[in-house]
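All remarks here apply to the structure that follows.
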Amino acid sequence: MTDAPRATSKTNPGRFFEDYTVGEVIRHGVPRTVGSGERALYHALYPARHALHSSDLFAQACGLGAAPLDDLLAFHVVFGKTVPDVSLNARANLGYAEGLWRRPARPGDTLRSESEVIGLKQNSNGKTGVVWVRTRGLDQNDAVVIEYVRWVMVKKRDEGSPAPETVVPALKGALAPSDLAVPPELTFADYDFSLAGEPHRLGDYQVGEIIDHVDGVTLEEAEHMMATRLWQNTSKTHFDGTMREDGKRLIYGGHVISMARALSFNGLANAQMIVGLNGGAHANPAFSGDTVRAWSEVLDTAETDRPGVGAIRLRLVATKDGSVGDLKGDDGKYLPGVLLDLDYWALMPV
Amino acid sequence: MTDAPRATSKTNPGRFFEDYTVGEVIRHGVPRTVGSGERALYHALYPARHALHSSDLFAQACGLGAAPLDDLLAFHVVFGKTVPDVSLNARANLGYAEGLWRRPARPGDTLRSESEVIGLKQNSNGKTGVVWVRTRGLDQNDAVVIEYVRWVMVKKRDEGSPAPETVVPALKGALAPSDLAVPPELTFADYDFSLAGEPHRLGDYQVGEIIDHVDGVTLEEAEHMMATRLWQNTSKTHFDGTMREDGKRLIYGGHVISMARALSFNGLANAQMIVGLNGGAHANPAFSGDTVRAWSEVLDTAETDRPGVGAIRLRLVATKDGSVGDLKGDDGKYLPGVLLDLDYWALMPV
Amino acid sequence: MTDAPRATSKTNPGRFFEDYTVGEVIRHGVPRTVGSGERALYHALYPARHALHSSDLFAQACGLGAAPLDDLLAFHVVFGKTVPDVSLNARANLGYAEGLWRRPARPGDTLRSESEVIGLKQNSNGKTGVVWVRTRGLDQNDAVVIEYVRWVMVKKRDEGSPAPETVVPALKGALAPSDLAVPPELTFADYDFSLAGEPHRLGDYQVGEIIDHVDGVTLEEAEHMMATRLWQNTSKTHFDGTMREDGKRLIYGGHVISMARALSFNGLANAQMIVGLNGGAHANPAFSGDTVRAWSEVLDTAETDRPGVGAIRLRLVATKDGSVGDLKGDDGKYLPGVLLDLDYWALMPV
């Protein structure tokens, strides 16, 4: 077919730095109804065992109706929808802040995402800029399920285009306990520690304490690709083995987050619900064959106004070398064995 | 156990060419109730993002109730049931024609399959023959969900057995727009292009236009086997690594169809529903490690009698070499990098 | 962080031999609501095709409501919950007995597990002991869904600790047909053999008959890990590729059980429900790359009091070398190509 018409360009080229304006709200495509199928896959892809997300009865005993979907499942679905509009020309995922789970996602909910551009800053090299967005995941009633701020480094389409006015949003370094959205119906007053799988309550954890979660999981291409597709994340580096000489695909950072969080059950089984994301860094890339392990550091604890419900602030670190407690070198950079450094709030019985 | 009784032959040996009679209707075994679990797996195995199959709300806004299952999911389930009766002794899958999606499959439907033998022709070598079947997928009310014609080359049990009377069915080279079963309740009158993920409507596509879908997915053994099992397709070449020296398994052609269709979202996000299959060829086998890409050619467009609903006829080509627009060599044979050449009708907002 | 606090030990170290007392009932953690997602995954991970577990309509025609979940799916969920309390320091899984499926598990059921310690015997080396437990899987109404006895060899924490009183439970070598819990509503009076996929009824099988199930499936790391995680089985040998030089993970024995049972459809399509587990041995370990095949031997047949429902006792053998009929060598040990030797009762139309 030498006379074939030239291919046209109806595919999505992604946005460049020039395409963002502070205050703009981007409505992301492809809403998704999530259900028991997604839950089962989440439990097949990660060793997730928190009882509140595993058992309808346990969730009912905690004041919730049916078991909500895993908190990170909802996060990944919301995040995935932003990729075609935010990540395609991104060079780096720079950070997260002010992540709030406002209501548990339940089977049958339909989630969609919107992102408001809240900051822009061109880099001094004139080739890239930083874009801050506040993304909101909305359910079928337009109620916010999750929101978070993310900032990414994005390529400019044209290096000669003028720099926009610099707007750097003021972001909280960490959420205060009072910022957290504890579900009003939640109670841990009749919490069954034996069914939950561990006896440790909030009072058993000390600020500064480090927990080695011991277990390791070796990553597989088929698994991380299935996970990433399930979130309808289209970033081609996760799927296309021709982009690297060794044929490996760069693993979606969220896969490591979910793997580490699930591994942290062993020692933190009662940190049932993630309600706040203070910050996070994908310290080094992960590839198939890496064996992920995790450790946590207790950063803070707090009370809430719900019966028996406390909050614990945790640093969750994923590694590929089994190290525990070491994070950065003398140069202030993450050690090469560290994959993830995440700072979050979870709810736990007091 | 040298005195073990000899193994008996209760396993299914499959049908040979002599076992088919024109006019016979074969009732295939193993009906299947499909649900949200199958949907989630479909979205984990393929980068499927068409909003009509992803969101109950989007489907409702299009006049449908809950989101129907992906059209190819229903096809694979119906097809899979025919394998024990049609494919076990097949040497080649020669073609498809007159494929019609008569009603969307929904979570909770129970699908079964029947195949009517509509043609027979012994090959001149006396060793094989061609069998044409019209397969119908039926739901719990015996309503036809899908039907299609497929023809395969099947081994004879006994080369000396007499040839049957040759019956070659008259098949349409392509379905006319008036043949298509557009769901009577469907409307694209209030279609939300931003939620669908792309702005292109039927009028934006030109006959002859070629769309490079850009993205690539590298195939994995675990993924294609999970998909093929999910359709209860039992063809041993897809699962048994001892059949080839390199241990690779021949990938079910339908896995490539679904992968290519899902990749075609990028450029054809609004080609929401597949309603007709005009023809198709599995040009070359696919194996794990191959990176599938896809391009489409617009073959025709048409109106329908439903509000805002048009039809687009597309050639969907999957490749393993990233070529775009090239299909066959000077010898008329498919180029070695081409995996699939599929001709189908989809519904799209006008 | 050279000044990091030392890691604390909130992770589960598992029980040692000294930690078991005859008569104690261990309530295992992490109840699980199972649904259509788990069912779909089961059908993606194993070539499971028994119609009773595939089609709501077929199940209804057999007197059941919706299709129950696959019997082994329920078994794996119940078994998985026992791992943190029974298997973490186990050196060997020695046997199964008196396994009874008391009621079919259905989508929406919430399963939890309890294990009663029914036997203890310290080994003569003083380093290990044998622990017998009777595990019960309970649903949301505390009704027993499954029960079975398992015994494992467990390490002692302290070799010098005194031996407990030896208690060896009296276990049945095989369940009698009258022990089986045939669902009271079950009927095969109107059984549709063509939909079931094979014509063979109980009367067609002879005691001593061996059936070669023919098909083979090559195992993949991603698949067995997804399966094992789905059952929330946390045994690290199944996930951590650093535990062996070749990076392979020891495959959960239950994965081989389910694979062999699913392969046995070809020749035993009408052995619809597993209702009894007489015994079983994981003869040799399985690893990714092994190609599993299966054969069955008919050990017994019996009537039941339900219309048209008979029982068949089968030996199910999984191999990695394709051998059929050979089980043990002259030394009485399992041949190296044998993976599994399972003895079970299933229900089949007479």
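The values are calculated or read from the model by the stated rules, or taken from the named source; none is laboratory data. None of the values given here were measured: they were computed from a predicted structure. Every residue, glycine as well, gets a Cβ built from its backbone with ideal geometry; the counts of neighbours run over all protein chains shown.
Annotation: B:L171 fulfils all but one of (1) more than 10 Å from every other protein chain (Cβ to nearest Cβ); (2) free of Cβ contacts under 8 Å to residues at least 12 places away in the same chain; the unmet one is (2).
Which helices (runs of 4 or more DSSP H) does segment C:180-264 wholly contain that include 2 or more residues that are modelled with pLDDT of 95 or more and touching a Ser or Thr at 6+ places or on another chain (Cβ under 9 Å)?
Values: elements: C:193-196, C:221-230, C:253-263.
Counting at least 2 such residues, we get C:221-230, C:253-263.
Residues are listed down the side, and each one gets a yes or a no for (1) over 30 Å from B:E223 (Cβ atoms); (2) not assigned by TED's automatic domain parsing to the domain that holds A:E116; (3) not aliphatic (A, V, I, L, M):
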position: A:R150; (1), (2), (3): no, no, yes
position: A:V154; (1), (2), (3): yes, no, no
position: A:A163; (1), (2), (3): yes, no, no
position: A:Q206; (1), (2), (3): yes, yes, yes
position: A:I211; (1), (2), (3): yes, yes, no
position: A:A227; (1), (2), (3): no, yes, no
position: A:H238; (1), (2), (3): no, yes, yes
position: A:T242; (1), (2), (3): no, yes, yes
position: A:S258; (1), (2), (3): no, yes, yes
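Against the list (1) within 14 Å of chain B (Cβ to nearest Cβ); (2) farther than 25 Å from B:I251 by Cβ, the condition C:H238 fails is (1). Only a single criterion out of (1) at pLDDT below 95; (2) within 24 Å of the chain's Cα centre (by Cα) is not satisfied by B:G126, namely (2). Only a single item in (1) in a loop (DSSP other than H, G, I, E, B); (2) outside the structural domain of A:A346 (by TED's automatic domain parsing) is not met by A:V130, and it is number (1). Filtered by the rule that a residue be buried (at least 19 other Cβ atoms within 10 Å of the Cβ), closer than 22 Å to A:S235 by Cβ and touching a helix residue (DSSP H, G or I) at 6+ places or on another chain (Cβ under 8 Å), segment A:90-119 gives A:G99, A:L111, A:R112, A:S113, A:S115.
With respect to (1) in contact with a strand residue (DSSP E or B) (Cβ under 6 Å, 6 or more places away or on another chain); (2) surrounded by 21 or more Cβ atoms within 10 Å (Cβ to Cβ); (3) within 30 Å of B:S323 (Cα to Cα), the lone exception for A:T242 is condition (2). Counting only residues that are among the small types (G, A, S), crowded, with 19+ Cβ neighbours inside 10 Å and at negative phi, segment C:178-207 holds 1 of them. Filtering segment C:245-254 to residues that are surrounded by fewer than 17 Cβ atoms within 10 Å (Cβ to Cβ) and aliphatic (A, V, I, L, M) leaves nothing.
For B:V167, are the conditions met, namely being assigned by TED's automatic domain parsing to the domain that holds B:I312 and hydrophobic (A, V, I, L, M, F, W, C)? Give the steps one after another, and end with the answer.
Values: assigned by TED's automatic domain parsing to the domain that holds B:I312: no; hydrophobic (A, V, I, L, M, F, W, C): yes.
It is false that B:V167 is assigned by TED's automatic domain parsing to the domain that holds B:I312 and hydrophobic (A, V, I, L, M, F, W, C).
Mind checking which residues of segment A:137-167 are without any contact (Cβ under 8 Å) to a residue 40 or more places away in the chain and charged (D, E, K, R)? Those that are without any contact (Cβ under 8 Å) to a residue 40 or more places away in the chain and charged (D, E, K, R): A:D139, A:D142, A:E159. Where helices (runs of 4 or more DSSP H) fall entirely within segment C:1-117, those with at least 1 residues that are in contact with a His (Cβ under 6 Å, 6 or more places away or on another chain) and more than 14 Å from chain B (Cβ to nearest Cβ) are at C:71-86. The number of residues in segment B:215-239 that are of a type outside the set (D, E, K, R), buried (at least 22 other Cβ atoms within 10 Å of the Cβ) and over 30 Å from A:S9 (Cβ atoms) comes to 13.
Before we move on, is A:G267 surrounded by fewer than 20 Cβ atoms within 10 Å (Cβ to Cβ) and on the phi > 0 side of the Ramachandran plot? Quick ask: steps written out before the conclusion?
On the way: surrounded by fewer than 20 Cβ atoms within 10 Å (Cβ to Cβ): no; on the phi > 0 side of the Ramachandran plot: yes.
Against the criterion (surrounded by fewer than 20 Cβ atoms within 10 Å (Cβ to Cβ) and on the phi > 0 side of the Ramachandran plot), A:G267 does not qualify.
C:A286 meets all of the listed conditions (1) under 29 Å from A:D290 (Cβ atoms); (2) at pLDDT 95 or above; (3) facing another protein chain (nearest Cβ under 9 Å) but one, namely (3). Within segment B:210-235, restricting attention to residues that are of a type in the set (S, T, Y) and away from chain A (no Cβ under 14 Å), the residue that is nearest to B:N89 (Cα to Cα) is B:S235.
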